[in-house]
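Colleague: Structure below; questions to follow.
The values are calculated or read from the model by the stated rules, or taken from the named source; none is laboratory data. All figures in this text were calculated on a predicted structure; none of them were measured in a lab. Glycine gets a Cβ as well: all are built from the backbone with ideal geometry, and neighbour counts include every protein chain shown. Side chains are part of the model used for accessible areas, which takes the heavy atoms of the whole protein and leaves out ligands, DNA and RNA. Shrake-Rupley method; radii C 1.70, N 1.55, O 1.52, S 1.80 Å.
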Amino acid sequence: MRSANSDTFKILIATDIHLGYLEKDAIRGNDTFVTFDEIMKQAVQNEVDFVLLGGDLFHDNKPSRKTMHCCMEVMRKYCMGDRPIIFEILSDQAVNFSHSKFPWVNYLDSNLNISIPVFSVHGNHDDPTGADGLCAIDLLSCAGLINHFGRSRSVEKLEISPVLLQKGNTRIALYGIGSIPDERLYRMFINNQVTMLRPREDEDGWFNLFVIHQNRSKHGATNYIPEQFLDDFLDLVVWGHEHECKIAPVRNEQQLFYVTQPGSSVITSLSPGEAVKKHIGLLRVKGKKMNLQKIPLQTIRQFFIQDVTLSEHPDLFSPEQPNVMLKVMAFCQEKVEEMLEEAERQRLGNSLTPEKPLIRLRVDYSGGFEVFNTMRFSQKFVDRVANPKDILHFIRHREAKDNIKEEGMDFEAILSRPTSEVLQLRVEDLVKEYFQKAEKNVQLSLLTEQGMGKAVQEFVDKEEKDAIEELIKYQLEKTQRYLRERRVEATEEKIDEEIRQFRDSKRNTAEEDEEVQEAIIRAKAHRDRSDSVRDDDLNLSDEPADIAVESDEESTSAPTIRGRGRGSRGTSRRGRGAASKSGRGGHGQKGSLSSALTSKSIMDGEIQSHHTTVTYYDIIFCCGCHKYVTFLNEDADFTFLLFMLLMEMPEGNHTFPWRDFNGFHMNSNKAYNYLFHSCVSLVLMV
């Protein structure tokens, strides 16, 4: 008689283990290794058929020897043994593991004795890199400890072939996608370039399980993967990459599948999402039915976070009171003590929980309050918390200005974050957020953000220095033709409305790509012409006397060539140079590099030049931050500009790929001071 378990798959599910996170920290260095040991121990205790990992097994793309050694030690300890494997694989393994030199599951290797197979996709932290496209998981795969699936070498289309598993009468089609840049995968879904293959026989008789490691929350227009993109024949989606634990399956009412988000097994950021209790899942599948049991992790370090707003306690203190800072410090200390007491109560009876908790108190000091020394405050708890350097986090909401209702980014709040959090921010996400919140007062008038982004990418990555300029010219010409054909009434309001509709009609369409390609073609043609003119002017020969130096008068008629603005050695080296005709400073460069940047607009179907010289254009190019020129216009928020440029600074006194006007590399401290003072002068000038 067949037992109940002979038809039931038991699968342990975990994602985002991040082995090696803060491994050099004296307090938290072993947290990831201890928790990974607990996860694999749960697999043995529950006698699972296999372990399914959803990406980011490692925190670093190149894990240290200690991290790799600890990982292999745990996997050898729990995954090898004489326990028989009672399910079989039906699919073509040469297709499922085509990237491997050993294209078969590890438990079928005659040289290995595997008791619990581990299947895993790669995440964005441990994704394949380099000429050979290898990642840390490939090392484990080569060692026979893991089965790495869900890889794709093509950047144009994605064909997902499932790993077909059978246990008794239960059959599972296991699909997987390793981490792919969200924008690229989003575009592939939009263009129908993602195909999920189905079993040839009895398509409806399979339980379809899908593992994905992408953004689930919307971080931008295309910087996430909507659940609606996934095929509706799926039964359960295991979503990695998101760290907040939402492991209880949630039904997507449109696609009719369930989604489980196990979250991370280690706290990598002091944010509210990480404060949710951490779990792994024990999935049971029998036929087309499933059950997901939550298993709380006991070795997770406790994390408590609380928000306080000082202005909401007028009975305790106000900015006008004497010694108000001491009162605020006492108030914050009381809140931290409360969280420590709660941590101690919850830790009683659980010897596996680490002794020192993580504590974060976010203090909103809006309303005239002043901040105090957080390091001095933290010294009171240095022996009681695991994060004594960043217990307090001061934030301040930007106060609304008169007659301005538009919402803006709180740059002060962003800049007040700890360095570890600031370094994890993605500039492109901040830029998108900036435009979303500044939609009404600072926005691209003619170009879509996506189209401009592609041109900037060509500018930076492929050094097509005229890509942005040519895209703007091309779009100006196209918009002018559109307005003439529409016979728009010659009023500013009507023109603005038509331009906005014309811009919005192109969002996320093939027309955007065509415009960028046309701009690239023009840029290349412009560059070729410039190169030929430059060669003719220099008249290169073996005799240096034949090379003439252009005078200032000659430079005014030179072809327009955008440059990095580093200044020639024969001219001014300070970067300001002699005053230009418009009264603003130049760089003293040759040719048109010192010419004014022209601000263009459309009025009555013609391009009118306001000749508004903006010398920050050359400053930005000199600093190497040319990618931010996209966002500069007459209404640009210079606080945003300053923030974007300073965000490029690495921490500490490191070699930095910026150059001063003499052509020498600047270290980060020198570059930081130079840039800061340049931007301050900028604001005063403009």
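Colleague: Could you tell me whether segment 268-276 includes any residue that is modelled with pLDDT of 95 or more, charged (D, E, K, R) and touching a Pro at 6+ places or on another chain (Cβ under 9 Å)?
Modeller: The answer is no, given that none of the residues of segment 268-276 is modelled with pLDDT of 95 or more, charged (D, E, K, R) and touching a Pro at 6+ places or on another chain (Cβ under 9 Å).
Colleague: Residues in segment 211-218: is at least one in contact with a His (Cβ under 9 Å, 6 or more places away or on another chain), farther than 20 Å from L283 by Cβ and without any contact (Cβ under 8 Å) to a residue 40 or more places away in the chain? Give the steps one after another, and end with the answer.
Modeller: Taking segment 211-218 as the starting set, the residues that turn out to be in contact with a His (Cβ under 9 Å, 6 or more places away or on another chain) are 212-216.
If we keep only those that are farther than 20 Å from L283 by Cβ too, we end up with 214-215.
Narrowing further to those that are without any contact (Cβ under 8 Å) to a residue 40 or more places away in the chain: 214-215.
Yes, segment 211-218 contains at least one residue that is in contact with a His (Cβ under 9 Å, 6 or more places away or on another chain), farther than 20 Å from L283 by Cβ and without any contact (Cβ under 8 Å) to a residue 40 or more places away in the chain.
Colleague: Please give the number of the condition Y78 fails out of (1) open to solvent by 40 Å² or more (accessible area, probe 1.4 Å); (2) more than 24 Å from E242 (Cα to Cα); (3) not in a loop (DSSP other than H, G, I, E, B).
Modeller: (1)
Colleague: Residues to consider are D7, D82, D25; find the one that is more than 28 Å from F207 (Cα to Cα) and at pLDDT below 95. Give the derivation first.
Modeller: Details: D7 fails: more than 28 Å from F207 (Cα to Cα); D25 fails: at pLDDT below 95.
After ruling out the rest, the residue left standing is D82.
Colleague: Same structure again: Based on this model, can you work out whether Y175 counts as at pLDDT 95 or above, open to solvent by 10 Å² or more (accessible area, probe 1.4 Å) and of a type in the set (F, W, Y)? If you could, list the steps in order and put the result at the bottom.
Modeller: Values: at pLDDT 95 or above: yes; open to solvent by 10 Å² or more (accessible area, probe 1.4 Å): no; of a type in the set (F, W, Y): yes.
So Y175 does not fit the description; no.
Colleague: Please find, within segment 474-517, the residue that is modelled with the highest pLDDT out of those that are in a loop (DSSP other than H, G, I, E, B) and farther than 29 Å from T222 by Cα. I'd like the intermediate steps shown before the answer.
Modeller: Quick first cut of segment 474-517, residues in a loop (DSSP other than H, G, I, E, B) only: 487-491, 505-509.
In the following step, the residues that additionally are farther than 29 Å from T222 by Cα were identified as 487-491.
Values: R487: 73, V488: 67, E489: 70, A490: 67, T491: 70.
The extreme case among them is R487.
Colleague: Among the listed residues D60, D16, D25, identify the single one that is assigned by the TED database to the domain that holds G123, in a loop (DSSP other than H, G, I, E, B) and open to solvent by less than 20 Å² (accessible area, probe 1.4 Å).
Modeller: Working: D60 fails: open to solvent by less than 20 Å² (accessible area, probe 1.4 Å); D25 fails: open to solvent by less than 20 Å² (accessible area, probe 1.4 Å).
It is D16.
Colleague: Looking for whichever is under 28 Å from the mean Cα position of the chain (by Cα) and without any contact (Cβ under 8 Å) to a residue 24 or more places away in the chain here; the options are N30, N5. Which one fits?
Modeller: Details: N5 fails: under 28 Å from the mean Cα position of the chain (by Cα).
Of N30, N5, the one residue that is under 28 Å from the mean Cα position of the chain (by Cα) and without any contact (Cβ under 8 Å) to a residue 24 or more places away in the chain is N30.
Colleague: Okay, moving on. Anything in segment 117-139 that is farther than 21 Å from Y175 by Cβ and touching a residue at least 40 places away in the same chain (Cβ under 8 Å)? List them, or say none.
Modeller: H125, T129, A136, L139
Colleague: Based on this model, can you work out whether D49 counts as closer than 17 Å to N106 by Cβ and acidic (D, E)? Talk me through it step by step, then tell me what you get.
Modeller: On the way: closer than 17 Å to N106 by Cβ: yes; acidic (D, E): yes.
In short, yes.
Colleague: Looking at segment 33-71, which of its residues are in contact (Cβ under 8 Å) with a residue 60 or more places away in the chain and more than 22 Å from I11 (Cβ to Cβ)?
Modeller: Scanning segment 33-71 gives V34, H59, D60, N61, K62, P63, M68.
Colleague: For segment 89-107, which positions are among the small types (G, A, S) and open to solvent by 80 Å² or more (accessible area, probe 1.4 Å)?
Modeller: Within segment 89-107, the first condition is being among the small types (G, A, S), and the residues that meet it are 91, 94, 98, 100.
Result: S98, single match.
Colleague: In the set V250, V259, which member is closer than 21 Å to T8 by Cα and among the β-branched types (V, I, T)?
Modeller: On the way: V250 fails: closer than 21 Å to T8 by Cα.
Within the list V250, V259, the selection yields V259.
Colleague: Exactly one condition in (1) surrounded by fewer than 16 Cβ atoms within 10 Å (Cβ to Cβ); (2) charged (D, E, K, R); (3) in a loop (DSSP other than H, G, I, E, B) is false for E344; which is it?
Modeller: Unmet condition: (3).
Colleague: Would you confirm, using the coordinates I've provided, whether S110 is of a type in the set (S, T, Y) and open to solvent by less than 70 Å² (accessible area, probe 1.4 Å)? Give the steps one after another, and end with the answer.
Modeller: Working: of a type in the set (S, T, Y): yes; open to solvent by less than 70 Å² (accessible area, probe 1.4 Å): no.
No.
Colleague: In the set T170, T260, which member is in the same structural domain as S152 (by the TED database), surrounded by 15 or more Cβ atoms within 10 Å (Cβ to Cβ), out of contact with any Leu (no Cβ under 9 Å at 6 or more places or on another chain) and among the β-branched types (V, I, T)?
Modeller: On the way: T260 fails: out of contact with any Leu (no Cβ under 9 Å at 6 or more places or on another chain).
Sole residue among the options that is in the same structural domain as S152 (by the TED database), surrounded by 15 or more Cβ atoms within 10 Å (Cβ to Cβ), out of contact with any Leu (no Cβ under 9 Å at 6 or more places or on another chain) and among the β-branched types (V, I, T): T170.
Colleague: Does S318 count as in contact with a Ser or Thr (Cβ under 9 Å, 6 or more places away or on another chain), open to solvent by 50 Å² or more (accessible area, probe 1.4 Å) and in the same structural domain as T353 (by the TED database)?
Modeller: In short, no.
Colleague: Another question about this same structure. Working carefully through the options V324, V308, find the one that is in contact with a strand residue (DSSP E or B) (Cβ under 7 Å, 6 or more places away or on another chain) and more than 20 Å from P296 (Cβ to Cβ). Even if it seems obvious, please write down each step before you answer.
Modeller: Working: V324 fails: in contact with a strand residue (DSSP E or B) (Cβ under 7 Å, 6 or more places away or on another chain).
It is V308.
Colleague: Return the total of residues in segment 351-371 being open to solvent by 40 Å² or more (accessible area, probe 1.4 Å), touching a residue at least 24 places away in the same chain (Cβ under 8 Å) and either part of a loop (DSSP other than H, G, I, E, B) or not assigned by the TED database to the domain that holds S311 (or both).
Modeller: Initial filter on segment 351-371 (open to solvent by 40 Å² or more (accessible area, probe 1.4 Å)): 351-352, 355-356, 362, 367-368, 370-371.
So of that shortlist, the ones also touching a residue at least 24 places away in the same chain (Cβ under 8 Å) come out as 352, 356, 362, 367-368, 370.
Narrowing further to those that are either part of a loop (DSSP other than H, G, I, E, B) or not assigned by the TED database to the domain that holds S311 (or both): 352, 356, 367-368, 370.
Going through segment 351-371 one residue at a time, the tally reaches 5.
This table checks each residue for (1) part of a loop (DSSP other than H, G, I, E, B); (2) outside the structural domain of P354 (by the TED database); (3) in contact with an Asp or Glu (Cβ under 9 Å, 6 or more places away or on another chain).
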{"site": "Y224", "(1), (2), (3)": "yes, yes, yes"}
{"site": "Q228", "(1), (2), (3)": "no, yes, no"}
{"site": "V237", "(1), (2), (3)": "no, yes, yes"}
{"site": "H243", "(1), (2), (3)": "yes, yes, yes"}
{"site": "A248", "(1), (2), (3)": "no, yes, no"}
{"site": "S264", "(1), (2), (3)": "yes, yes, yes"}
{"site": "L270", "(1), (2), (3)": "yes, yes, yes"}
